[in-house]
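Q: Quick one: the structure is below, questions incoming.
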Amino acid sequence: MAIDQIHDLQQVYRKLLHSMSRPGTISSIEQETKQVDVDFGCADSFILSAMVLLDAEVTFHVLSKNRQDLIEKISDYTSARCASVKEADFILVLQEDEESDVLEAMAQCKIGNLIDPQQSATWIIESAVLSNEDALVLTGPGIETAAHLSTGQPFRFWQARDSRIKEYPMGIDMIFADGSSQIACLPRTVSAIPMEVK
Amino acid sequence: MRANTHFAFFDEGSKKEIRRATLKAVAIPGYQVPFASREMPIARGWGTGGLQLTLSLIGKTDVLKVIDQGADESVNAVSIKKLVQETTGVQVTDQTEEADLIQSRHRIPEIPLTKDQILVLQVPMPEPLRPVEAREYATKRMHSEDDYSGAWLMLFEQIVKYGKTATAADHPVYVNGRYVMAPSPIPRFDNPKMHQSEALILLGAGREKKIYAVPPYTAVESLAFEDYPFAVESFEGQECRLCGSAHIFLDELIDQKTGETVYQCNDTSYCMEQLNSTEKAGVENSYA
């Protein structure tokens, strides 16, 4: 069965909003990923997160250089336009992407300005299986005391993120989507401290 | 031929735009995210901001509660409920605990909200600095520079004039220690409910085209001076004339016959619940 553009995407949005307002909270969108009947060559939860947010009014950038097929499919499905990493509203990162490319994109993507901090890039990241193990300690709005999250990103990733969110309210927001139909979010307000160096 | 309305009234493109703005609002607590406020079948300034948020959020299984200054049955609440129900077919309720989505005009319910609920507040004037600065580009700059002297000055002037801060409603708050935000015209009594709230609070201003948010467990401090601390409305020694509740927000009314001042719960569903529970206890006792 095909994905229902109205009701399935509404459910995914509510899970995204739940996870965004409660950083570190992992939401399952298994019911909805079951409906995806096209092979995009990436996690279904990743593609659904993109489908909820992308349309003709926004731009996206696929980090991977050899995934022209994915760019075309996302454009076909959402009417969103592909743009350079410096301009894109959404940066889509796949698990296969090189760490150096990710760090470079992190340094270049837009973070808004003090007058319009919302004109920043949102990262949608295909990640290793998400869990609440204590790889990262999260604190900030939306978290009562502290939350734990494991996304499989290397230490340098978090350093790079820190350097882009230190001028709050400017910054980047992140959505992590894994192969087990789970999503978690990290808005710019949240401090993420890695517990171990990998 | 009459075509059926699309689910939740909006086309999917409109929903997406509101959803993107909402996620940004959650990521920058208290910051007013501009959005392309849509034309709605109710007039601007009558809760279109809240309504647009509700329609972008709502799904088939949600249970909706709409209140207008504490009342479930007032015109604004009923019209909004009707519109949402006719275009989505969702269940509506008066009970605060039963609702997943609560759209409210100018009150936060008396019963504490939970983590599975979302409170949507209708906002007429989202800009706390507007009374001191009419130009939008100037107020945006003030927010960016963390320059809230205007908001402080307003409170200071009230103290000079009246000997206390005299905001009847919409007392400005600091969100997450960064943005000063208009909490919508809720009474000061409700301001502390926003602080470290369990539920997500979304605020929508349709006419002014702004969406902003207070995520759960976020610091929300009412602006106050050291020597003039923030105080909520006091109903010391008063209780609701119908259900007898105290320590809640009461409406002050004049009894038409006697001319006396009487007090009554502002939150009608809370009052009804108290009455029903005492009634139930009374019936159980008389039968026993």
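The values are calculated or read from the model by the stated rules, or taken from the named source; none is laboratory data. The structure presented is a predicted model; accordingly, all values stated were derived computationally and were not measured. Heads up, the Cβs are rebuilt from the backbone with ideal geometry, glycines too, and the neighbour counts pull from every protein chain shown.
Q: Does B:Leu155 count as closer than 24 Å to B:Glu208 by Cβ, in the same structural domain as B:Ser37 (by TED's automatic domain parsing) and touching a Pro at 6+ places or on another chain (Cβ under 9 Å)?
A: Against the criterion (closer than 24 Å to B:Glu208 by Cβ, in the same structural domain as B:Ser37 (by TED's automatic domain parsing) and touching a Pro at 6+ places or on another chain (Cβ under 9 Å)), B:Leu155 does not qualify.
Q: Provide a single number: the residues in segment B:24-42 that are crowded, with 19+ Cβ neighbours inside 10 Å, touching a strand residue (DSSP E or B) at 6+ places or on another chain (Cβ under 7 Å) and either aliphatic (A, V, I, L, M) or under 19 Å from B:Val180 (Cα atoms) (or both).
A: The total comes to 9.
Q: Just need a number here: residues in segment B:246-288 that are part of a loop (DSSP other than H, G, I, E, B) and free of Cβ contacts under 8 Å to residues at least 40 places away in the same chain.
A: 9
Q: Could I ask something else about it? Please work out which one of (1) touching a helix residue (DSSP H, G or I) at 6+ places or on another chain (Cβ under 9 Å); (2) within 14 Å of chain A (Cβ to nearest Cβ); (3) surrounded by 16 or more Cβ atoms within 10 Å (Cβ to Cβ) is the condition B:Asp147 fails and give its number.
A: (3)
Q: Then there's this: Just checking, does segment B:73-92 include any residue being on the phi > 0 side of the Ramachandran plot and crowded, with 16+ Cβ neighbours inside 10 Å?
A: The answer is no, given that none of the residues of segment B:73-92 is on the phi > 0 side of the Ramachandran plot and crowded, with 16+ Cβ neighbours inside 10 Å.
Q: Any residue in segment A:135-154 that is surrounded by fewer than 16 Cβ atoms within 10 Å (Cβ to Cβ), away from chain B (no Cβ under 14 Å) and in contact with a Pro (Cβ under 7 Å, 6 or more places away or on another chain)?
A: no
Okay, residues lined up against (1) in a helix (DSSP H, G or I); (2) over 26 Å from A:Ser150 (Cα atoms); (3) touching a residue at least 60 places away in the same chain (Cβ under 8 Å):
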residue	(1), (2), (3)
A:Asp4	no, yes, no
A:Tyr13	yes, no, no
A:Ser19	yes, no, yes
A:Gly24	no, no, yes
A:Gln31	yes, no, no
A:Ser45	yes, no, yes
A:Leu48	yes, no, yes
A:Glu57	no, yes, no
A:Asn66	no, yes, no
